[in-house]
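The values are calculated or read from the model by the stated rules, or taken from the named source; none is laboratory data. What you see is a predicted model; the values in this text were computed from it and never measured. Using ideal geometry, Cβ is built from the backbone for each residue, glycine included, and neighbour counts are taken over all protein chains shown.
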Amino acid sequence: MTTVTFLTEDARIIGFDVQGHSGWGESGEDIVCAAITSAVRLVEATVNDVMGLCAAVKVREADASISLRLPGGLANTAESTCQNLLTGLMVYLAQQASGMHFSGDIVNVPGTSVMGAQKHAEYQVNPDALLEMVLDIFYEPVDG
């Protein structure tokens, strides 16, 4: 499974971590991994090669991971462009994931969406309903 984590400081996206293979195909023939890598590489090339911003990039083939961290203190235009690129990457990956078919049952964690203090959407989990859901899914009653 591929996991993508976007990192933020306040309202600023400062980078991302991508880790793992999607498992849709053999290594080197996995079209999902290729799509993710292409999108990530486009953002990285734009930030570093086109804009010349020297974002820190780490690629680790051993655990199939790529990370990118934007430098601080960017000029307004560069900052705005980077935020647009990273937001675009986030939207693209979310759209791709929403169209995938998953095996097994997918359940929704019970809770509500609220506007957080920093004007970001937050999902607040209902702890009692979550406990009940976990017990229903993972535990079987034992007689005795």
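Summary table
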item: Any hit, the stretch 93-116, residues being modelled with pLDDT under 80, under 16 Å from the mean Cα position of the chain (by Cα) and part of a loop (DSSP other than H, G, I, E, B); result: yes
item: The stretch 40-60 residues that are polar (S, T, N, Q), paired with ones that are assigned to a loop (DSSP other than H, G, I, E, B) (beta carbon under 8 Å, 6 or more apart); result: ASN48/CYS54; ASN48/ALA55
item: Only listed residue being within 23 Å of ARG41 (Cα to Cα) and either aromatic (Phe, Trp, Tyr) or in contact with a Pro (Cβ under 6 Å, 6 or more places away or on another chain) (or both), chosen from TYR139, TYR92, TYR123; result: TYR92
item: Residues located in the stretch 118-141, provided they are in a loop (DSSP other than H, G, I, E, B), under 30 Å from ASP10 (Cβ atoms) and modelled with pLDDT of 80 or more; result: ASN126
item: Count of residues meeting criterion [surrounded by 10 or more Cβ atoms within 10 Å (Cβ to Cβ) and touching a strand residue (DSSP E or B) at 6+ places or on another chain (Cβ under 7 Å)] in the stretch 115-128; result: 6
item: Among the residues listed as SER38, SER22, the single one being under 23 Å from THR3 (Cβ atoms), small (Gly, Ala, Ser) and touching an Asp or Glu at 6+ places or on another chain (Cβ under 7 Å); result: SER22
item: Failed criterion for ALA64 (all others in (1) surrounded by 14 or more Cβ atoms within 10 Å (Cβ to Cβ); (2) touching a Leu at 6+ places or on another chain (Cβ under 7 Å); (3) of a type in the set (A, V, I, L, M, F, W, C) hold); result: (2)
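To keep it simple, each residue is scored yes or no on (1) part of a strand (DSSP E or B); (2) aliphatic (A, V, I, L, M); (3) closer than 28 Å to HIS120 by Cβ.
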| site | (1), (2), (3) |
| --- | --- |
| PHE6 | yes, no, yes |
| ALA35 | no, yes, yes |
| VAL40 | no, yes, yes |
| LYS58 | yes, no, yes |
| ALA62 | no, yes, no |
| GLU79 | no, no, yes |
